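Engineer: Next up is a structure, given as structure tokens.
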Amino acid sequence: MEKEQPSKEFGNASIIKKANIYFEGNVTSRTVYESNGERKTLGIMMPGSYTFSTDDAEHMEIIAGDVEVEIKGEEGNVEYIKGGEYFEVPANSSFDIKVNEPTDYCCTYIK
């Protein structure tokens, strides 16, 4: 889904120095807390196929790159997402993502 242009920077935010590293280093991110307490991760995914589980609902903005996403419970419904678009995943779920090229992303966790 495409929507209005998101902000290109964070305002008053705190960043956790320690990286989140997944899938033998092919997916990495840093955790960002905005001043209102909203938690985000900002990272890079290298080409490959990965499965992620969710606790909170997630809004995954693809800043640059090209992915294919299939959300648990929606098998057979693959979404093709490119830079400037996003997808959302419900809480307590999972999704499979095929990363077709190095992909820059920002994930916002929704309480």
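Engineer: Would you confirm whether or not region 30-46 contains a residue that is farther than 30 Å from residue 11 by Cβ, surrounded by 15 or more Cβ atoms within 10 Å (Cβ to Cβ) and touching a Ser or Thr at 6+ places or on another chain (Cβ under 6 Å)?
Structural biologist: Residues of region 30-46 farther than 30 Å from residue 11 by Cβ: none.
Looking through region 30-46, none of the residues is farther than 30 Å from residue 11 by Cβ, surrounded by 15 or more Cβ atoms within 10 Å (Cβ to Cβ) and touching a Ser or Thr at 6+ places or on another chain (Cβ under 6 Å).
Engineer: For region 69-101: of the residues being acidic (Asp, Glu) and farther than 21 Å from residue 28 by Cβ, which is surrounded by the fewest Cβ atoms within 10 Å (Cβ to Cβ)? Can you show your working first?
Structural biologist: Residues of region 69-101 that are acidic (Asp, Glu), as a first pass: 70, 74-75, 79, 85, 88, 96, 101.
Right, trim to farther than 21 Å from residue 28 by Cβ and you get 70, 74-75, 79, 85, 88.
Numbers: 70: 17, 74: 14, 75: 9, 79: 16, 85: 17, 88: 13.
The residue in question is 75.
Engineer: Counting only residues that are touching a Gly at 6+ places or on another chain (Cβ under 7 Å) and modelled with pLDDT under 90, how many does region 1-34 have?
Structural biologist: Qualifying residue count, region 1-34: 1.
Engineer: If you scan region 61-77, which residues turn out to be more than 13 Å from residue 94 (Cβ to Cβ) and either in a strand (DSSP E or B) or at pLDDT 95 or above (or both)?
Structural biologist: Applying the first criterion (more than 13 Å from residue 94 (Cβ to Cβ)) to region 61-77 yields 61-68, 76-77.
Of everything in region 61-77, those that are more than 13 Å from residue 94 (Cβ to Cβ) and either in a strand (DSSP E or B) or at pLDDT 95 or above (or both) turn out to be 61, 62, 63, 64, 65, 66, 67, 68.
The values are calculated or read from the model by the stated rules, or taken from the named source; none is laboratory data. Please read these numbers as outputs of a predicted model, since none were measured by experiment. Reconstructed Cβ throughout: ideal geometry from the backbone, glycine too, with neighbour counts over all protein chains shown.
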